[in-house]
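Novice: So that we are looking at the same thing, I have put the structure below in structure tokens.
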Amino acid sequence: MTSGIDVSQWQGNINWNLAAPHIDFALLRAGYGDALNYPAQFDVQFERNYKECKRLGIPVGAYWYLYATTPEGARREAQAFLKAMKNKQFEMPVYCDAEELTLFKSGKCNEVIVAFLDEMEKAGYWVGIYIYRSAAQTYLTEYTRTRYAMAIAEYGPKLNYSGPYGIWQNSSTWRVDGISGNVDHDWCYVDYPKLIKERGKNGYPKPAPKLMYKVTKDTPIVQFEGTEPAGKTVQVLGRKTICGVQYGRVTKDGWISLKDAKQV
């Protein structure tokens, strides 16, 4: 469990040097609504907050406050979010912030949120939904609640939510050095930085593909070590498992997935 905050321009000019020792991560608002048509809706502190978190080694995520009530509008807002995040890396998920009553009452709540998040996923982001507990239970389908990383807001000593979630926003009145006034506080229960980097999401490089080698004999167990270029066909000797030596299993079609492999 890690402790973090989410902030926007409403927290003003944050002194991140003072805040950093007290937090494990930060979620930064990038903007809201159709900022492509209305550029003033990009959060004016986002760039500075991002750079300061990076300078101090604070794992960082981002969120976009959604105003759209149609899938088309949601996709346009997602493009604004993508513009704000260009050439950046995020160790935490990027969230659709769903709070507007007009969205919930539109009859298209799930369609709109999914359209927004689909755009983000296509661009290579680990995505999630920030939403109040009551709204999640009332307006989201089970598919939506379980498909994405959930950040659930409910203030008090306990979160009364039975579905899966990664972040619980438990307070809007937390105080931390370096920030004047109240700030939202979050508990995180998932090691998102590890998962995101391992899977090459949120601006991080994708992991090298596993090497696939064709074997000349249909042997169930093979021994391997060292490196060879991907795509090269090599003979792999059939061996029993030997302590301390890596091994792999040949597939039915005669291929084997080997990492850093060569004939031994």
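Novice: Using mean Cβ contacts within 10 Å as the protection proxy, how do 40-46, 20-26 order, highest first?
Specialist: 20-26, 40-46
Novice: How far, in nm, would the chain grow between Asp177 and Arg75 when pulled straight, counting 0.36 nm per residue and subtracting the alpha carbon separation?
Specialist: Details: separation 102, 0.36 × 102 = 36.72 nm, distance 3.72 nm.
Extra length from Asp177 to Arg75 when fully extended: 33.0 nm.
Novice: Tabulate in residue order the Karplus-calculated ³J(HN,Hα) for the range 65-80, using 6.51 cos²θ - 1.76 cosθ + 1.60 with θ = phi - 60°, rounded to whole Hz; enter x for Gly and Pro.
Specialist: With the stated coefficients, the range 65-80 comes to 7, 8, 10, 4, 10, 9, x, 4, x, 5, 5, 5, 5, 4, 5, 5 Hz.
Novice: Starting from 0 in steps of 5 Å, tell me what percent of the Cα-Cα pairs of the range 67-207 lands in each bin.
Specialist: 2, 10, 18, 19, 20, 17, 10, 3, 0
Novice: Further question: Count the net charge of all other residues whose Cβ sits under 15 Å from the Cβ of Ile23, scoring Lys and Arg as +1 and Asp and Glu as -1.
Specialist: Spelling it out: positives minus negatives among the neighbours equals -4.
Novice: Please compute the length gained on full extension between Leu36 and Glu99, using 0.36 nm multiplied by the number of residues separating them and subtracting their Cα-Cα distance. Spell out each step's value before the answer.
Specialist: Numbers: separation 63, 0.36 × 63 = 22.68 nm, distance 2.06 nm.
Working it through step by step, the gained length comes to 20.6 nm.
Novice: Hey, what do the phi angles of the range 169-179 turn into as Karplus ³J(HN,Hα) couplings, whole Hz, using 6.51/-1.76/1.60 and θ = phi - 60°, x for Gly and Pro?
Specialist: 8, 9, 7, 10, 10, 6, 10, 9, 4, x, 10
Novice: Now a separate question. What are the ³J(HN,Hα) couplings of the range 185-193, residue after residue, when phi is run through the Karplus curve with 6.51, -1.76, 1.60 and θ = phi - 60°? Round to Hz, x for glycine and proline.
Specialist: The phi angles translate into 10, 10, 9, 10, 10, 10, 7, 4, x Hz.
Novice: In the range 12-122, what percentage of the DSSP-assigned beta bridges are antiparallel, given to the nearest 5?
Specialist: 10 percent
Novice: Just need log10 I(q)/I(0) for the range 20-90 at q = 0.17, 0.18 Å⁻¹, Debye formula, equal scatterers on the alpha-carbon atoms, no solvent, rounded to two decimals.
Specialist: -0.61, -0.67
Novice: Report the number of Lys pairs in the range 2-198 whose alpha-carbons are under 22 Å apart, with separation of 8 or more residues or on distinct chains.
Specialist: Here the count comes out as 21.
Readers should treat all values here as calculations from the given coordinates under stated rules, not as data from a laboratory. Everything quoted here is computed from the prediction, not taken from an experiment. Note: ideal-geometry Cβ built from the backbone for every residue, glycine included; neighbour counts use all protein chains shown.
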